[in-house]
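Single-structure report; data block below.
Throughout, read-outs are computed from the coordinates displayed, never taken from laboratory work. Keep in mind that what you see is a predicted model, and the values were worked out from it rather than measured. Positions of Cβ are generated from backbone atoms using ideal geometry, with glycine treated the same way; all protein chains shown enter the neighbour counts.
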Amino acid sequence: MSLIDRLGRAALFRFDPETAHGMTIAALKRGLVPPVCPIIDRRLEVTAGGLVFPNPVGLAAGFDKNAETPDAVLRLGFGFVECGTVTPRPQQGNARPRVFRLSEFEGTINRLGFNNEGHAAATSRLKSRAGRPGIVGINIGANKDAADFAADYVAGIDAFRDLASYFTVNISSPNTPGLRDLQASDALRDLLERVLGRRDEVAAGTGRHPPVFLKIAPDLTRSQMDSIAKVIASTTLDGLIVSNTTLSRVGVEGAPHAGETGGLSGRPLFERSTIALARMRERIGPAMPIIGVGGIDGPRAAIAKLAAGASLLQLYTAMVFRGPRLASEINRGLLTELERRSLSNVGELTGLETAEWAKRTLPEETS
């Protein structure tokens, strides 16, 4: 991290995490965060879901909930950006404070609760950037008080049908009561049938066929993973995102704020999310793309996530602690690794250590 980035982080850390995040979004919107010299190299390209990603490092949902800064983020060296989670109607989310830094561990806990400005605000902003280059995915969710969660996801397909490079169906946030229940077999089958069916109906009329990814939790048991993989096999789902935040506090016990409710992200999530990724890769096979998320804080973690079975990567929390040049640093590190291994494309790293990661045990599995 450069001296300027360190000074910027120190200034932001004087504020509570949510205020600091709002200041970051405002700075990006005003062009106050300088762009990063792009790393353009065909060896970093990844084709997934019919899209060609210029590099495998994406910004995860949660950073730009309201589609305010996708182009500014892309100029930081990211290969793609995912906006959201966006719900049909605006909602405030949970009461503040609801974001907590665990600085010693480079992690955060949040219980935001899908706070966002709703479909209308996000679609208006995305329409204003129509025609610009760059892969911008939309993470869709359900309002907390929705009578039919699945209907809200279908509404997301309709709202962003002409705007989303891809969709993410987020059923894995721990901060909306009942949401993770959609990961259960029958509920998941119904949800995917309705969402994918609507995507296909829209595609028939528009000619656009944006891929749909499913974002799952890192806290699933092996049997739950089996059920999800079985449902996925019966659908036309385009890919998985593994994973969202965790309810576990293993590794951060006793830390300030560790007792706060919500999802833990950042470096403490790395091992758990990577094990989950490898286990899902074993269950769904090598063909389906998986976006690996959780604890990626530099080239070393990115390489490990790919080796565990990821096709693409996303990060967010590490940006809080490592600064805005992180995506480019990771891409440079990936190129160095390709040269070291005499590989011609980053995709050749995917799955090299899936079996090893899948065999690792989690603390609750040894008790």
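Of note:
- Principal axis extents of the Cα atoms in segment 238-278, from largest to smallest and rounded to whole angstrom, are 39, 16, 12.
- Spatially near lysine pairs across the chain, Cα under 23 Å, sequence gap of 8 or more or different chains: 11
- Overall dimensions of the chain as given by Cα atoms, namely Rg and Dmax in Å: 18.9, 55
- Taking all pairs of distinct alpha-carbon atoms in segment 1-115, Kirkwood radius in angstrom: 16.0 Å
- Each peptide in 165-173, 234-242 gets a packing score, the mean of other Cβ atoms within 10 Å over its residues, and the list from highest to lowest is 165-173, 234-242.
- Placed amide H near PHE53: partners under 5 Å, 5+ positions off or other chain: VAL46, THR47, ALA48
- Rounded to whole Å, sorted largest first: equivalent-ellipsoid semi-axes of segment 247-367, Cα gyration tensor: 25, 19, 11
- Ranked by how many other beta carbons lie within 10 Å on average, peptides 126-137, 216-227 from highest: 216-227, 126-137
- Electrostatic tally near GLY8: other residues with Cβ closer than 13 Å to its Cβ, Lys and Arg +1, Asp and Glu -1, net +4.
- Across segment 1-120, the relative contact order, built from alpha-carbon pairs under 8 Å that are at least six residues apart, equals 21 percent.
- The peptide list 282-289, 81-88, 29-36, put in order of mean Cβ contacts within 10 Å with the highest first, becomes 81-88, 282-289, 29-36.
- Rounded to 5, the percent of DSSP beta bridges in the chain classed as antiparallel: 30 percent
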